[in-house]
1. For helix 198-214, report the angle its Cα long axis makes with the longest principal axis of the Cα atoms of the chain; keep it between 0 and 90° and round to the nearest 10°.
2. Can you tell me which of 593-602, 562-571, 333-342 comes out highest on packing, and rank the rest after it, using the mean Cβ neighbours within 10 Å?
3. Could you list which residues have their amide H under 5 Å from that of MET380, counting only those 5 or more apart in sequence or on another chain, with H placed in the peptide plane?
4. Any idea what the relative contact order of the chain is, in percent, if you count C-alpha pairs under 8 Å spaced at least 6 apart?
5. Applying a 10 Å radius around every beta-carbon, put 637-647, 654-664, 209-219, 245-255 in order of their mean neighbour count, most first.
6. With N set to the number of residues, divide the alpha-carbon radius of gyration of segment 195-295 by 2.2 N^0.38 Å and report two decimals.
7. Tell me the net charge near MET521. Cut-off is 13 Å between Cβ atoms, MET521 excluded, with +1 for each Lys or Arg and -1 for each Asp or Glu.
8. Is the C-alpha gyration tensor of segment 371-451 telling us rounded, prolate or oblate? Criteria: a/c under 1.5 is rounded; beyond that, a/b larger than b/c is prolate, otherwise oblate.
Amino acid sequence: MVTLIANEFFGDLPSVEELQNPKNNLATIIYSSDAKVLGKYYNENRVNIHFKDLDKDLVTALVATEDARFYEHSGVDIKALFRAASGIFGGGSKGGGSTITQQLAKMMFPRENLSKPKLIIRKIKEWIIAARLEKNYTKDEIMAMYLNKFDFLNLAVGVKSAAKIYFNTNTDSLRIEQAAMLVGMAKNPSLFNPIRFPEKTKLRRNVVLSQMLKYNYINQTQFDSLKIKPLGLNFHPEDHNDGLAPYFREYLRENFLKQWCEKHINPETKKPYNIYKDGLRIYTTVDSRMQQYAEEAVNEHMRDLQKAFTKECKTKRNAPFAWNVDPKQIAGIMNSAVKRSDRYRELKQQGLNEEKITKAFNTPVQMNVYSLRGDIDTTMTPLDSIRYYKSFLQTGFMAMDPQTGYVKAWVGGINHKHFKYDHVKVGKRQVGSTFKPFVYAMAIQEGYSPCYQLPNIRTCITDGNGKEWCPDNSWDAKEKLKYENKMITLKRALALSVNYISAALMKKFGPNAIVNLARRMGIISPLEAVPALCLGVADISVFEMVGALSTFANKGTFVQPTFITRIEDKNGKVLEEFIPQTDEVFNEEKAYVMCELMKGVVMYGTGAGLRYTYKLTNSIAGKTGTTQNNSDGWFIGLTPELTAGCWVGGEDRSVHFNTMELGQGAKMALPIWGKFFQKVYADKSLKIGKGDFEKPEGLGDIELDCSKYDKDLPPETTFEEDGGY
């Protein structure tokens, strides 16, 4: 019989090639630049490990409980064989018939529901497979394969995932009682599920400990102390919404790796790589420490800002929409949101007409919703829930190394579970005055100095169609009276975000020149060559803006922001390495002059809060931005070693603060930047310095000290040098 089965008379057996290359669904792992696991993509949350990485107590517990003669047999234990066979013929179970190798064979090549005769044949097949496994692999390799293959439930496939999910530790750091619990699950993971049945699991764990005592892997004293211990779970279920950088990981999965896999063939499967099964290793540029600080900064500021906005909404008749938004416009916004919702699509698929769908959206139901205090269970209509979610301000924040282009932190929103839309690279919003550095850079490129003076008077520009455009200044009356109709330096004008001067420069150089410069600096979003572009009417992503303005900090060379360094296969073979694209847009002298010009924004302009509130006294060049009606708040700041940018606003432009007191970029976005850099500078392990931008030789007669023109302003020194203003 055995010979006939071995010769495949009763059906195919796995080939030697299949035994040597067993098919496992392996999770793709995303690593940070400092070698931390940011997350995984998987169908089965399995990450293979080698025998040397297994805790010895895990191995001895498994041997003692499942296969005491594991190191003596060749895949089949004769005593266990007769015990299992008598169980099948006798109509009952005699228990524990399979060796670890046989159990591995069963997991690798699963059996179906079979009759007793077929079950006997299948059992003999497993013996043959087990013997062949023993021939092709060492005992240590078989042990590792078994523990890598076993499903410990709760998305923990393989012992590495199980150790992390149940105890938040590594497989080489398990305590004896922890190892015993995991081994105890091997008998029946559904019955001995520590989350659902902790008492049963504890009893089973103690059985494993008693087996370890029986075979002298532990002594009586150890057993007596261990058996009374609680399970001691530190349960960390893995969820794609949890962990660091969920917005980044989702962008990576959906927008980058999806396209990469379509273009690259796995030589083993002859199909495109599958990020859920093929065990790829993705090495990113994100630093886990900076990512943590970025998420903390976002959470801290957005919590306080949201409280202020919620308080203001209590006085709005159209809350959360602005008081002057037309009811018909609100109805249109809500209707569009309804039709974009999953609920609407599901009801449509069920065949409901619009009348029934409308009724469903106006019928209260129980639901779990996001709040600043955490998720809450409540009852409301789906329509009200849509309006409720629109009341939350959103944000996008990114930090990068200006020299390498490596993205160091990426926060795409306030809560990935409830707000999945990414506001770093996917979302694009009107940039307002953060676009002005492009206009000023054209002037610097053409030989102007930061101290060049222009009359602060209203400027009108006639476009190609003969239409005249005359922007107003967007500052308070006191400031207007102080500076209007006077000569003003470019440095002071940018620091105070004077629209008149931006319009004058646009009139001088023309929209097409500004568009061309922005393109060379990495802006790929649509840019309409119109005069109003100088005030930032274009919709651009945080990703593009941070990358573009980093050009000044990188001595004039644009470096394409990059978030992956390399991709490896499951065996560590490098499949592709990624090198950022570069373009020298300015020479070092012009780039340095731009940094000097933009430093005025932080020294005494709209970004001065970084110095006064956040005590960031080092050399920082930056620009704030606030769009019409306070719909968008921006801040982008540059330092020699790290640059970052932030946008804050409502999901809809009609959701915003009433006034600039809280609605301007300096109050909405700048605090996140400030909090982030406070944390970064406090962490000495990051080695991010506070030095000045490197001054190039050969600046010539370019005037940088504007104090003789701006006599009412502080001297042109850094805040640290003179002790503060």
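No value in this document is a laboratory result; all are computed from the given coordinates. Note that the structure is a prediction, hence the values are computed from the model and not measured. Cβ: placed from backbone, ideal geometry, glycine included. Neighbour counts: every protein chain shown.
1. So the inclination is approximately 60 degrees.
2. 593-602, 562-571, 333-342
3. VAL365, MET367
4. Numbers: 1298 pairs, mean separation 86.9, N = 725.
Taking the mean separation of contacting Cα pairs over the length of the chain, I get 12 percent.
5. Working: 637-647: 27.0, 654-664: 19.4, 209-219: 17.6, 245-255: 21.2.
Descending packing order for the listed peptides: 637-647, 245-255, 654-664, 209-219.
6. On the way: Rg = 22.3 Å, N = 101, 2.2 N^0.38 = 12.7 Å.
Dividing the Cα Rg of segment 195-295 by 2.2 N^0.38 Å gives 1.76.
7. Overall, the nearby charge balance is 0.
8. Prolate is the answer for segment 371-451, as a/c is 1.5 or above and a/b outweighs b/c.
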